[in-house]
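S.K.: One structure follows; several queries about it will come next.
The values are calculated or read from the model by the stated rules, or taken from the named source; none is laboratory data. This one's a predicted model, so the numbers in the text were calculated from it and none came from an experiment. Cβ atoms come from the backbone with ideal geometry, glycine included; neighbour counts cover every protein chain shown. For accessibility, only protein heavy atoms count, side chains too; no ligands or nucleic acids. Shrake-Rupley method; radii C 1.70, N 1.55, O 1.52, S 1.80 Å.
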2 protein chains.
Amino acid sequence: MRRDVFQGIADPTRREILNMIAHKSLNVNSVASNFDVSRTAIYKHLKILSECGLVVIQQQGRERFCEARLERLSEVSDWVEQYRKVWTSRLDNLEDYLKELQSKNKKHGRKKTR
Amino acid sequence: MRRDVFQGIADPTRREILNMIAHKSLNVNSVASNFDVSRTAIYKHLKILSECGLVVIQQQGRERFCEARLERLSEVSDWVEQYRKVWTSRLDNLEDYLKELQSKNKKHGRKKTR
DNA sequence: TATTTGTGAAACCAAAAGGTTGCATTATGA
DNA sequence: TCATAATGCAACCTTTTGGTTTCACAAATA
C-alpha cells in the first residue's frame, strides 16, 4: 500500500479533516461529527493521514486527540516549487509575445518593458 | 468521477510523466517508452492528467503531443501555503521552548534572541 | 497499394479505496 | 459495580484505480 503525502491529500474529505484540526487538535468523535459519513469512515481517513505522517494521534484518557503535522506539507510544496520557474517563465514568454503582437498590429514597433 | 489536480498528482507515475514533459512536449509513445508498463496504461494516465487540466494533448499528423500545464499546480501551491504560517509559527514556538529549556539547564536564565 | 506507425478504445481483471454495520474493549461517572 | 462514552477493528460491499490484451483506424511510408 502506497502511503505518501500526495496520496494523503488526494481525498477532499482528508483535506477537510486537516483544515479542521490545523489550529486545534480534536478527538476522533469531534472530527467525525462534522461530516455526514460514519465515524468509522472518518477513522479510516485519520488512519491514512497518520500513516503518511500528516496527523499524529495521541491517547488521553479514553479519547484520542488528532493533531495535524502540517510541516509534512513542505514535501508537496517543494515538489510544486521546482516547477514554478518553468511555468512563470512560460507565462512571461507568452506575455512578451502578446505584447510584441500588439506592437506589430499598431505598426510602430515600440516594445514595452515591464 | 472526481477529477481535480490533487488527484492528478496523487499517483507517482503521473508525477513522473509531468516531470518528463515539463520542459518539452512529447508524443504519447515517447512518454510511454520511458516506463515499463504498457502504452495503454500510460495513455490512461495522460487522459486523467488532461481531464484535470495538467496536460493538454494536441494532434499533429498521426502523433499526439502532450504538453504540461504546470501553472495548474498553483492550486496545490495555494492550498499548501495557507498552512505555512501555522506550521512555521509552531516550529518557532518549539525552537523558543527548546532554547528556554537549554537556558534553564545551564542555570543562568539568559534568553537568546534570533 | 500494401504495410507500418501512432494512437484510441473496448473488454476484462485484481487490488485498493471508501463506505457500511456490528461487535469488543477500555475509561469514566453515577 | 454497572451503564455509557470513545474508540479500534473485523467483515462485508460497491466503485474506482491501475493494469492487461486485443482490435480498429487513420496517417505516413516503402
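S.K.: When only residues in the range A:1-23 that are in contact with a strand residue (DSSP E or B) (Cβ under 9 Å, 6 or more places away or on another chain) and in a loop (DSSP other than H, G, I, E, B) count, which is least open to solvent (accessible area, probe 1.4 Å)?
M.R.: Within the range A:1-23, the match that is least open to solvent (accessible area, probe 1.4 Å) is A:ALA22.
S.K.: I need a count of the residues in the range B:45-69 that are near DNA strand C (Cβ under 8 Å from one of its atoms), under 21 Å from the mean Cα position of the chain (by Cα) and open to solvent by 40 Å² or more (accessible area, probe 1.4 Å).
M.R.: So the count comes out to 2.
S.K.: Do we find that A:HIS23 is within 9 Å of DNA strand C (Cβ to nearest atom) and closer than 27 Å to B:SER77 by Cβ in this structure?
M.R.: Values: within 9 Å of DNA strand C (Cβ to nearest atom): no; closer than 27 Å to B:SER77 by Cβ: yes.
In short, no.
S.K.: Considering (1) in a loop (DSSP other than H, G, I, E, B); (2) open to solvent by 40 Å² or more (accessible area, probe 1.4 Å); (3) within 13 Å of DNA strand D (Cβ to nearest atom), say which one B:PHE35 fails and leave the rest.
M.R.: (2)
S.K.: Another question about this same structure. Being modelled with pLDDT of 95 or more and over 22 Å from A:LEU73 (Cβ atoms) narrows it down to one of B:GLN102, B:GLN82, B:GLN60, so name that one.
M.R.: Result of the check over B:GLN102, B:GLN82, B:GLN60: B:GLN60.
Every residue, every condition in (1) more than 27 Å from A:ARG84 (Cα to Cα); (2) at pLDDT 95 or above; (3) more than 9 Å from every other protein chain (Cβ to nearest Cβ), yes or no:
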| site | (1), (2), (3) |
| --- | --- |
| B:PRO12 | no, yes, no |
| B:VAL31 | no, yes, yes |
| B:ASP36 | yes, yes, yes |
| B:GLU51 | no, yes, yes |
| B:PHE65 | no, yes, yes |
| B:SER77 | no, yes, no |
| B:THR88 | no, no, no |
